[in-house]
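**Q** Structure incoming, see below.
No lab work stands behind these numbers, since they all come straight from the coordinates. Please read these numbers as outputs of a predicted model, since none were measured by experiment. No Cβ is skipped: glycine too gets one built from the backbone with ideal geometry, and neighbour counts run over all protein chains shown.
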């Protein structure tokens with residue numbers, strides 16, 4: 001289990017209603033009425049549409065165990081997205097520390113991973129030791145953002161059994177909590193994922209994966225959230241570094 005394998009896993013996990021006619025999401029939730037899954041979905045979709053931009057600090061933490069060893073990944077950086085009509089652009093810039101333990105030895109490597117979407121294509125650039133080790137181009141996927149929007153809930157309802165858990169607070173911010181268990185669990189994959197959805201803006205404030213024992217094996221979270229601040233549009237333009245070939249995976 002080497003650093004390059006850990007990078008592949010990291011870049012993979014960086015990213016993943018019904019309202020009656022005439023009723024708004026706000027109408028569905030009265031102070032004395034407990035939320036339902038359908039109500040939470042409607043409100044999240046409505047509220048995430050109410051903000052054009054989001055800037056936040058992002059943290060990712062992942063633990064992987066196998067007979068060959070253990071890998072721990074800690075990533076800190078910035079998340080941004082901007083909506084223009086139906087187009088959603090985003091940028092994630094992370095500095096990662098990958099610690100590998102195997103055969104009684106421990107190694108540590110530092111990586112920088114930048115993912116940029118212009119609303120049509122997503123570009124991923126990874127550097128380690130000052131050198132580019134991976135550069136790819138793929139079709140942009142809305143599920144790569146931290147929005148709890150229509151695409152997010154469509155994916156949840158298609159692939160997971162859902163349960164609404166009691167509401168919580170994270171750093172003083174009120175969140176709805178949804179537990180998602182895969183309909184077809186993958187070998188070695190998480191037994192469940194818990195999503196903490198920020199009431200204020202309809203975004204995933206935090207998501208955690210857990211193994212069959214309940215142990216948390218992955219966390220994706222946002223902090224220092226700022227809505228509707230102006231973002232330089234050049235942040236969502238990918239410029240290919242000199243002498244770097246980008247692998248085009250749009251046909252995959």
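**Q** Quick one: order 63, 229 by neighbouring beta-carbon count within 10 Å, fewest to most.
**A** Ordered from fewest to most neighbouring Cβ atoms within 10 Å, 63, 229 come out as 229, 63.
**Q** Just the ratio, please: alpha-carbon radius of gyration of the chain over 2.2 N^0.38 Å, N its number of residues.
**A** 1.05
**Q** Something else: Could you please tell me the mean projected area of the C-alpha convex hull for region 45-179, averaged over all directions and given in square nanometres to one decimal? Numbers along the way, then the final one.
**A** Numbers: hull surface 43.9 nm².
With the hull built on Cα positions only, its mean projection is 11.0 nm².
**Q** While we're on this one: Which percent, to the nearest 5, of DSSP beta bridges fully inside region 119-252 are antiparallel?
**A** About 95 percent, rounded to the nearest 5.
**Q** Go through 97-105, 188-196 and give me the packing order, highest mean Cβ count within 10 Å leading. The partial results should precede the final answer.
**A** Values: 97-105: 13.9, 188-196: 17.4.
Averaged packing, sorted descending, gives the order 188-196, 97-105.
**Q** Regarding region 126-252, what are the three Cα extents along the principal axes, ordered largest first, in Å?
**A** Answer, in whole Å and largest first: 52, 40, 30 Å.
**Q** Where the centre of each part is set by its Cα atoms, how far does region 172-189 sit from region 75-147, in angstrom?
**A** Answer, in whole Å: 22.
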